[in-house]
Structure formats: structure tokens, C-alpha cells
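Asks: Would you mind keeping the following structure in view while I ask a few things?
The values are calculated or read from the model by the stated rules, or taken from the named source; none is laboratory data. Values in this document were obtained by computation on a predicted structure and should not be read as measured data. For neighbour counting, all protein chains shown are included, and Cβ atoms are generated from backbone atoms with ideal geometry for every residue, glycine included. Areas reflect the complete protein model, heavy atoms only, side chains present, ligands, DNA and RNA absent. Shrake-Rupley method; radii C 1.70, N 1.55, O 1.52, S 1.80 Å.
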Amino acid sequence: MAFFANDSNGNNSSSESRGLSDGALNRDPGYGNHFLNKLSHPFKKCRHGSSVVEYQSRRDQHEMQTQNENKVNAKAMMNERVALMVGMGFSAKLATKALKRTQGELDSAIAWVGSLNDASNTRNAHIPASKLAGMKSADIVDHWCGNIDDNDNNNEGKSTFALASASSSSSSSSASMIAITPEYRKAYDDIVIARSIMSSSSSAKTIKNLDEAYGKLLRKQFCSFQQTCQLCIKTAFGLSSEHKARNHWADVAGIAQGQVFPCMLQYHDSLSSWHQRYTHFSLLTLTKRVTDKDMEPFELQQIIALILRGNMECHARKLWVFTQILTVVGQSKQSTFASNSISGTRVGRGSEKDYLYVALYQMIDSYKEQAFRTVFVVPTEVYFSKVHDDTMAGDADVHGGNSYLAILMATLSIKMNRLPMMHDESKGVADFLSSGGTFVNEWVAKLWLDKNLGKEAGAVHAQASIQRGVPRNQFCVDQCHNAVTLANLCVDERGSTVEQRRRVAKYLEQFAHYFSFDFIVPKMVNHILQDDALAKAANIVCSEMLGKNTVPSQTLFRDHMW
């Protein structure tokens with residue numbers, strides 16, 4: 001909708017602005033002719049003693065003043081909507097162009113940008129088999145999720161957490177996006193979180209922070225992994241010497257037991273040099289946190305126990321442990337802004353946006369993990385348990401998880417904290433929705449209720465009988481030997497059928513539901529309002545976006561949103 005209804009000459013065409021009220025016209029049928037007769041005698045006096053020429057002059061001045069006021073209001077409204085689009089992750093130049101093209105209509109402007117990018121900035125998600133065989137896992141991830149800078153929030157115009165359709169938000173990155181397979185379009189469109197958020201993970205940020213903290217330090221002075229292990233064990237278990245640390249035997253209930261030092265060395269040696277580097281940095285970080293009393297010793301003991309368990313199992317389990325370690329490291333302490341904002345101290349320009357960005361980014365990261373387990377892992381574990389396949393039930397999280405993670409990347413460009421082992425054997429997966437019975441109609445349906453997001457199997461009480469078994473270690477499409485082949489087949493319109501992709505779409509649409517407007521936005525708002533520091537930051541950011549120069553009220557964000 002345009003701001004104003006204009007005639008072909010761009011002038012306001014309402015009768016009121018021309019000095020003719022509807023009442024006057026209706027009151028006297030001959031009023032129009034009478035008025036024209038008065039105008040035909042320019043020196044004839046009006047009722048108030050002024051000539052018609054003077055009357056026309058005053059009327060023209062009034063019309064010009066009204067038009068000028070309208071232009072000022074239109075410009076202010078345009079600037080406000082440009083600011084809103086910039087806050088959603090668009091560049092100011094693109095936002096201005098879109099709004100001018102759509103005569104200031106915000107929704108139409110966003111849709112236009114989305115169609116522009118969909119048409120000109122996409123690539124095929126499917127990777128030809130000849131090319132796939134020689135690609136490294138990192139290259140496959142970049143192809144499906146794009147080389148998006150995880151630190152866009154440090155760039156001007158991108159520091160606010162973006163709420164936009166996934167297609168339109170892609171304009172915030174220069175990287176091209178994958179073309180969405182038609183069967184998955186509904187799931188893709190349901191997601192309102194910006195693509196730069198869904199296609200990135202906090203683990204990448206954690207790795208960057210670790211590099212900044214320890215990279216230069218380790219190049220300047222020698223610090224071996226053996227020394228780090230001794231210090232870590234000594235700190236976690238409260239030992240008095242390095243000798244005791246090297247010979248310590250531990251039993252962490254429910255996780256693992258064994259002689260700690262040699263197991264940690266074996267685990268480290270089994271990893272690639274890249275994983276070794278960040279395992280080393282992570283243990284240094286966690287040890288320092290315990291020393292600084294920012295973390296409990298028992299939490300570090302649990303990390304050590306995970307390493308012991310991973311050392312005794314397959315390589316996929318070892319990489320799963322690595323991801324868990326990075327997740328713990330990435331759980332940052334309360335931002336400096338939090339304490340300063342409560343006391344009224346301004347940290348610096350943009351700090352409120354950065355603080356909001358980090359808080360909401362971490363929230364979305366957590367919801368991605370919960371949605372992944374709720375939609376894929378937990379039902380798969382329960383399905384295999386119901387068909388008495390305990391081996392596959394145990395593989396559903398580690399091995400099955402690799403396949404499910406790869407599918408999310410290939411179909412929707414969604415990246416989790418845990419990166420999949422692309423060439424892991426495709427097992428521990430099942431198209432459980434095709435098994436039917438009360439397991440699907442009642443148990444899965446209840447698990448997928450909004451209130452049960454993130455809950456484990458024991459929290460869902462419903463009938464769960466299996467009507468028919470589904471092929472073992474096969475998910476919707478034809479059987480594949482590894483995770484990347486399975487994911488690639490899900491986006492291959494020649495290698496898979498429409499019916500097979502529709503079955504995949506059922507899972508994707510349930511995952512996307514947890515990031516739809518109706519589900520996620522109220523939770524984001526409540527997340528902000530329940531934290532005094534976040535609420536204060538939101539009031540400041542909201543005031544700036546609305547163009548208010550006064551000190552924001554304590555309820556500005558709440559009132560504006562609700």
C-alpha cells in the first residue's frame with residue numbers, strides 16, 4: 001500500500017485538500033457552478049472581503065504546505081522502515097531500493113528481495129557422484145551451508161539478531177545459497193530465523209575464540225598435551241602432584257572408569273591434528289575455569305570421563321565427545337554488559353545489539369539441538385527398542401545422528417554444533433513414521449507437541465505399538481553406504497522419487513515448525529523479558545530502531561512487541 005493516494009500528477013487528489021468539502025457539494029447541487037462563477041471573476045470580493053485571486057493564493061499556499069508536510073512524514077516513515085530492514089540483516093542500499101520499488105510496503109519489499117536472491121544467487125544442492133568422491137567433509141559442509149561468516153554481527157547493519165524469511169535473509173551474505181528441492185520448500189519457508197543463524201553454529205565461534213586465546217601463546221612457549229593432561233587431572237580431582245595425576249584411576253559414576261592419563265593420551269593420538277589442537281585448547285580453558293572458580297571440579301571430571309569412554313569406542317564416538325567438549329567450552333559466562341547494564345553503565349556503542357545477538361544466538365543454538373533430538377534421535381531410539389534391536393538403538397545418536405545431521409545440511413542448509421562425520425557408515429537410522437500403529441499416531445504425535453520439545457523418551461506416556469517394521473538402516477530413500485551419500489540422494493531429483501522426498505519432508509517440516517513465527521518469536525520475546533539485562537538492552541535497541549532520541553522507558557520493548 002502506498003503512503004498516500006496520488007493522482008497522475010503526483011498531487012493529493014482529495015476534495016478536501018482543494019477546498020471543497022463533501023458537505024458543501026451535497027448541500028447545494030449548484031454549489032459547484034456557483035464556485036466556478038466566482039473564480040471567473042477574479043476581482044469579485046469573497047465573503048471575508050478578499051478577492052478570489054487572494055483566496056486562490058492562500059489555498060495554493062495551504063496545499064503546498066500540506067504537500068511538504070506529507071513529504072517529510074513519508075521520508076520519516078521510509079527511514080524508519082529502512083532501519084527495520086537493516087535490523088533484519090539487509091544492507092541499507094538494498095533495503096532502500098526494495099522499499100522504493102514497492103512504494104514503501106515493508107512485506108512486499110522483503111518478498112521482492114527474497115525472489116531476487118532465489119532467482120539469481122542459488123546453486124544445486126545435489127553434488128555429482130564423480131565430484132563427491134573427492135570432496136573433504138569441510139568442502140561438503142561449505143557447499144550445503146555456504147561460507148557464511150559467523151561473525152556478521154560485528155559488521156555494520158548486521159549486528160541485530162535477524163528475524164526474516166530464510167530466503168530473504170540470504171541477502172545478508174555474499175555467499176550463494178542452495179536451491180531448495182520443491183518437496184522441502186514448505187519447511188524452508190516456515191523458518192523465520194535468518195539463514196546466517198541457521199547455517200552457522202556456536203562451535204565455530206568457540207574455535208575462533210580458542211585460537212585467539214591460545215594460538216599465539218603456544219607458538220611462543222612450549223606447552224605439551226601431556227603437561228596439559230597432568231594439570232587437568234590434578235585440578236579436576238584435587239590431587240597434590242603431577243606424579244599422582246599420571247597414575248590416577250577414576251570412576252565417574254554412569255559414564256566411565258579407568259586410568260585417566262594414558263587413556264587421555266590415547267584419545268588425543270587417535271584424532272586428526274586439527275581435532276588434537278582444539279581438544280588441547282579446550283582442556284586448557286576448562287582447567288582455568290575450575291582454577292578461577294568459574295566451574296565446578298565435578299564438571300571437569302565428567303569431561304574427562306567422556307574422553308575415557310570415547311577412547312574405548314569407535315571413531316564416531318570420539319568425534320561426538322569432541323563436540324560435547326566444545327559445547328561446554330562455548331557456554332560463556334554472563335556478558336560484561338549484563339552487570340553494567342543493570343548498574344546503568346553504558347559499555348559502548350553497539351554493545352546492546354551485540355549482547356542481544358549473543359543471547360538469542362545461544363538460545364537458537366539450544367533450540368536446534370533440542371529439535372534435532374525430538375524429531376530424529378529420540379523417536380529412532382524408541383523405534384529400535386520396540387522392534388528389539390538394541391544395537392541400532394545404541395547407534396541412533398552417534399551413527400544415526402551423522403546421517404540426520406547431513407540430511408539437514410543438504411536439504412535446508414542447517415548446521416548444528418555437532419558437525420557430521422560425512423563418511424560414517426549409514427546405520428542407526430529408520431523411517432519410523434512409516435511404521436504406523438500407536439507408536440506413530442499416539443507416541444510420536446505426543447512427543448511432537450510443542451510442550452514436549454527437548455524431552456526424552458521417558459517423559460512421554462502413550463501407547464507405542466509398531467504396526468509394521470521398516471527397512472533397517474534405511475531412511476526414506478534407497479539404502480546408502482554412508483551419511484553423505486544418503487543426504488545427497490535426498491536432494492537428487494533423479495536418484496530419488498517424489499514420494500520418497502515427501503516422506504523426508506514430513507521430518508523436515510516438523511523440525512522447521514520449531515523455528516516458525518508462531519512458535520519461536522513469542523519464546524524469544526519471553527526470553528528477553530525474563531532477564532533484566534536483556535530487557536534493558538532490548539529497550540535501548542528498540543528505541544534506536546524506532547528513531548526515538550529520548551531515554552527509553554522500561555517497558556518500551558514489551559509494549560512495542562505485544
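Asks: Test of understanding: what is the full-extension gain from N247 to F298, defined as 0.36 nm times their sequence separation minus their Cα-Cα distance?
Replies: Result for the pair: 16.5 nm of gain on full extension.
Asks: Past 31 Å, Cα to Cα: identify those pairs from K208/K234; K208/K446; K186/K446; K234/K318; K186/K208, in the order given.
Replies: Going by Cα-Cα distance, K208/K446; K186/K208 fall outside the 31 Å limit.
Asks: Test of understanding: extend the Cα→C-beta vector of R502 to 7 Å, then name every residue of segment 415-440 with backbone N under 17 Å from that spot.
Replies: Taking a point 7 Å out along Cα→Cβ of R502, the residues of segment 415-440 whose backbone N falls under 17 Å are 433-436.
Asks: I would also like to ask the following. If you wrap a convex hull around the alpha carbons of segment 245-294, what volume per residue comes out, as a whole number of Å³?
Replies: Working: hull volume 5.0 nm³, N = 50.
With only Cα atoms used, segment 245-294 gives 100 Å³ per residue.
Asks: Another question, then. Using a 1.4 Å probe and ignoring any ligands, DNA or RNA, find the accessible area of S91 and quote it in Å² to the nearest 10.
Replies: Roughly 60 Å² of S91 is accessible to a 1.4 Å probe.
Asks: Okay, next question. State the percentage of accessible surface on segment 419-530 attributable to carbon and sulfur atoms; use a 1.4 Å probe and exclude ligands, DNA and RNA.
Replies: Details: 2410 of 5070 Å².
In segment 419-530, the share of accessible area belonging to carbon and sulfur is 48 percent.
Asks: Let me ask you something else. If you count only protein heavy atoms with a 1.4 Å probe, what accessible area per residue comes out for segment 413-561, rounded to a whole Å²?
Replies: Details: 6970 Å² over 149 residues.
About 47 Å² of surface per residue is accessible.
Asks: What does the C-alpha gyration tensor say about the overall shape of segment 337-483? Classify as rounded when a/c is under 1.5, otherwise prolate if a/b is larger than b/c, or oblate.
Replies: Working: a/c = 3.38, a/b = 1.92, b/c = 1.76.
Since a/c reaches 1.5 and a/b is larger than b/c, the shape of segment 337-483 is classed as prolate.
Asks: What aspartates and glutamates could a cross-link reach from K523, if we take a straight Cα to Cα line under 14 Å and drop same-chain neighbours fewer than 8 places away?
Replies: Within the straight-line cut-off, K523 pairs with D365, D450, D531.
Asks: For segment 417-469, what class follows from the C-alpha gyration tensor (a ≥ b ≥ c being the square roots of its eigenvalues): rounded when a/c is under 1.5, otherwise prolate if a/b is larger than b/c, else oblate? Mind dumping the intermediate values first?
Replies: Values: a/c = 3.03, a/b = 1.39, b/c = 2.18.
Oblate is the answer for segment 417-469, as a/c is 1.5 or above yet b/c matches or exceeds a/b.
Asks: Estimate the FRET efficiency between K548 and W448 by the formula 1/(1 + (r/R0)^6), using the beta-carbon distance for r and 30 Å for R0, to the nearest 0.05. Provide the component values of the computation, followed by the final result.
Replies: Numbers: r = 42 Å, r/R0 = 1.39.
With R0 = 30 Å, the Cβ-Cβ based efficiency is 0.10.
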